[in-house]
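The values are calculated or read from the model by the stated rules, or taken from the named source; none is laboratory data. Model, not experiment: these values are computed from the prediction. Note: ideal-geometry Cβ built from the backbone for every residue, glycine included; neighbour counts use all protein chains shown.
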């Protein structure tokens, strides 16, 4: 197998374990209520504490990769998430479970930036968005689906503690595969991923880059809109359209699974047809318009809307997360994990605030106003894309500077 495809295969499998061990706590909720006497608000806190750990460690995880190497940081992240999963399987109190899930979230956060960085090391010269689509879209979604749905059978057959341990075993297997079989990137890229790059200049390149900040802001609304729909659209269907539990749940499944074709389409559009920024604008504009239409749709329309929202949000995301790797002259390869961490930290604001504001608006002014707000904020932040310098423009500027220096 070509080394770059071997590398991508290992990263793909590690992404499966990343989201598997993120979401496989959900099928255990009924057992946790019985075993630990938890309440529904406590279950919500369990979900939130993972996201808290995940949101807090993006930038430190990127800096860890710059200091000690991307492979080290990726191994560290997988080990942390696996440890958190093992601890989750052994807890006997709510507090202990919160600590374990927080550790899981921190591990996942450290992992993701370096996974994207190593993918960039192998695919920066061509097909980067397509490769990112496979890991941040297909593998991410498939792992989440395994955790949410397939793991329910594992929990049923083996019990919740053993099911979580089996998830940890998947993490351990990917840890060994990365440790033993991951190939060294070619040429100068091998040095770039090794570490010893964390210094003042590296921090200035990332945190002083206006485009990274604007790109982060550009997806705040769309990111929040996606999670609002993923978490609350099934409940809206039940309450507003009086759909049954099974039919309303199917809307959530469609929204999640539609991200898989969206990943492939996004990679192809950005790599082969439109380029990065036009792909982002088109994808998130369609997502926003679809969110705006939700109050006026029936059951069939909601199923279609869920598919469009899931596909377009992820379609844009796989292109968006690839952008730091395409700023060749302003962002070094060693900077990519920290740059991705900065962008992911910014959009986490939307992931927290938009669903919360949606709920408050729905309670005060009704569902049409809530979905309209979600759509407007998604489209409004998308407009930031028009302020971003395209990666090819940035590269051209860098070539001009190089030519001037040579002259």
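Side notes on the structure shown:
- Flag if residue 79 is in contact (Cβ under 8 Å) with a residue 12 or more places away in the chain and surrounded by fewer than 23 Cβ atoms within 10 Å (Cβ to Cβ): yes
- Residue that is under 20 Å from the mean Cα position of the chain (by Cα) and on the phi < 0 side of the Ramachandran plot, where the choices are 299, 311, 235: 311
- Residue within segment 205-213 that is over 19 Å from the mean Cα position of the chain (by Cα), within 26 Å of residue 81 (Cβ to Cβ) and not assigned by TED's automatic domain parsing to the domain that holds residue 78 present: yes
- Conditions (1) without any contact (Cβ under 8 Å) to a residue 60 or more places away in the chain; (2) farther than 16 Å from residue 260 by Cβ: number failed by residue 307: (2)
- Taking segment 18-51 as the range and being surrounded by fewer than 21 Cβ atoms within 10 Å (Cβ to Cβ) and either not in a helix (DSSP H, G or I) or not assigned by TED's automatic domain parsing to the domain that holds residue 178 (or both) as the test, the residues that pass are 37, 38, 39.
- Restricted to helices (runs of 4 or more DSSP H) entirely inside segment 243-362, those with at least 3 residues that are surrounded by fewer than 21 Cβ atoms within 10 Å (Cβ to Cβ) are 245-257, 259-268, 276-293, 299-320.
- Residues in segment 143-154 that are surrounded by 21 or more Cβ atoms within 10 Å (Cβ to Cβ) and within 19 Å of the chain's Cα centre (by Cα): 143, 144, 147.
- Of the residues making up segment 223-234, not a single one is assigned by TED's automatic domain parsing to the domain that holds residue 367 and more than 25 Å from residue 51 (Cα to Cα).
- From 33, 10, residue being modelled with pLDDT of 85 or more and closer than 22 Å to residue 260 by Cβ: 10
- Some residue of segment 53-61 being at negative phi and without any contact (Cβ under 8 Å) to a residue 12 or more places away in the chain: no
- Any hit, segment 302-313, residues being touching a helix residue (DSSP H, G or I) at 6+ places or on another chain (Cβ under 7 Å) and closer than 30 Å to residue 193 by Cα: yes
- Residues of segment 82-103 that turn out to be in contact (Cβ under 8 Å) with a residue 40 or more places away in the chain and more than 17 Å from residue 20 (Cα to Cα), as a count: 7
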